[in-house]
Amino acid sequence: CGSRFTGPHFDGGGYQHFVMDTTALTARPSAHPAYSREELLKMSVPDIEVGLSQMERDDNYDNMELNGVTTLHGIHRRKNGTTLPISIRSSVFESGGRRYALALVRDETERIEAEQKLIENEKKTRAFLNAFIGSAGLMDPNGILIDANDPMLDRFGKTLDEAIGTPIGTLADAPAEIRRERKRKREQVVESKQPVQFETCVDDIWYQHSLYPILDEDGKYLRSRYSTPR
């Protein structure tokens, strides 16, 4: 049974593939993030699942039988007893008069770690921006607002969700000539990768602007930090 369903047509896509007899529930894998194919051929699905009761397992199979395909998230146990987060895309098919389940298993460790790192970086960015007394924000190379502190949001009369993804030039209520000047300064920072400071006057109020390029480790421009202290 195992050799019948293994081969190039089951490979690729970043997934490990299992073919399971829906009655015996014995794994027929091409690979697994924590076990070899030979090891898994001697195991059943409950041997590697963590924290899933038989009732929940039965419900999952009933749902798969009903809908033909289902996506699940869970925890698998490694040989050394540690665990790893996984996602499973399962579907049912027939062969030789028997029903089988094809399960595509992906190790989600790197994705979850990357998401957690992104959340932590976003928290640090928010804390950094809110450390400014005046308006401060982050823009991409096209002047699209990526993040903003509370003073900037108050100045624009926007919530964070409303402001994110908006061209910063359309948020500020300023004459067209000043908006064009700000745009030229943003383009100058992108091209030169050097900070720029300049002043503008709107309704007899002077604003001092600072634009700082943010570069990656290779010196490639990523975004600009914008601040207006007064």
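The values are calculated or read from the model by the stated rules, or taken from the named source; none is laboratory data. As the structure is a computational prediction, the values presented were derived from the model and not from experiment. Glycine gets a Cβ as well: all are built from the backbone with ideal geometry, and neighbour counts include every protein chain shown.
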(Q) Taking the condition of being touching a helix residue (DSSP H, G or I) at 6+ places or on another chain (Cβ under 7 Å) and surrounded by fewer than 17 Cβ atoms within 10 Å (Cβ to Cβ), how many residues in the stretch 180-192 meet it? (A) 1
Q.
Out of the residues in the stretch 86-111 meeting the condition of being of a type in the set (Asp, Glu) and touching a strand residue (DSSP E or B) at 6+ places or on another chain (Cβ under 8 Å), tell me which one is surrounded by the fewest Cβ atoms within 10 Å (Cβ to Cβ).
A. Glu94
Q.
So, Asp62, is that one surrounded by 14 or more Cβ atoms within 10 Å (Cβ to Cβ) and among the acidic types (Asp, Glu) or not?
A. no
Q: Those residues that are free of Cβ contacts under 8 Å to residues at least 12 places away in the same chain and touching a strand residue (DSSP E or B) at 6+ places or on another chain (Cβ under 8 Å), I need them from the stretch 202-221; list them, please.
A: Asp216
Q: Could you tell me whether any residue of the stretch 189-198 is assigned to a loop (DSSP other than H, G, I, E, B) and either at pLDDT below 75 or β-branched (Val, Ile, Thr) (or both)?
A: no
**Q.** Unique residue being among the aromatic types (Phe, Trp, Tyr), closer than 18 Å to Pro46 by Cβ and either in contact with a Phe, Trp or Tyr (Cβ under 9 Å, 6 or more places away or on another chain) or modelled with pLDDT of 80 or more (or both) when the list is Tyr100, Tyr61
**A.** Tyr100
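Counting only residues that are of a type in the set (Gly, Ala, Ser) and surrounded by 11 or more Cβ atoms within 10 Å (Cβ to Cβ), how many does the stretch 193-223 have?
1
Just need a number here: residues in the stretch 141-151 that are buried (at least 16 other Cβ atoms within 10 Å of the Cβ) and either under 26 Å from Lys220 (Cβ atoms) or at pLDDT below 85 (or both).
Going through the stretch 141-151 one residue at a time, the tally reaches 6.
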Q) For the subset of the stretch 123-137 comprising residues that are part of a helix (DSSP H, G or I) and either of a type in the set (D, E, K, R) or in contact with a Pro (Cβ under 6 Å, 6 or more places away or on another chain) (or both), which member is farthest from Leu160 (Cα to Cα)? A) Lys124
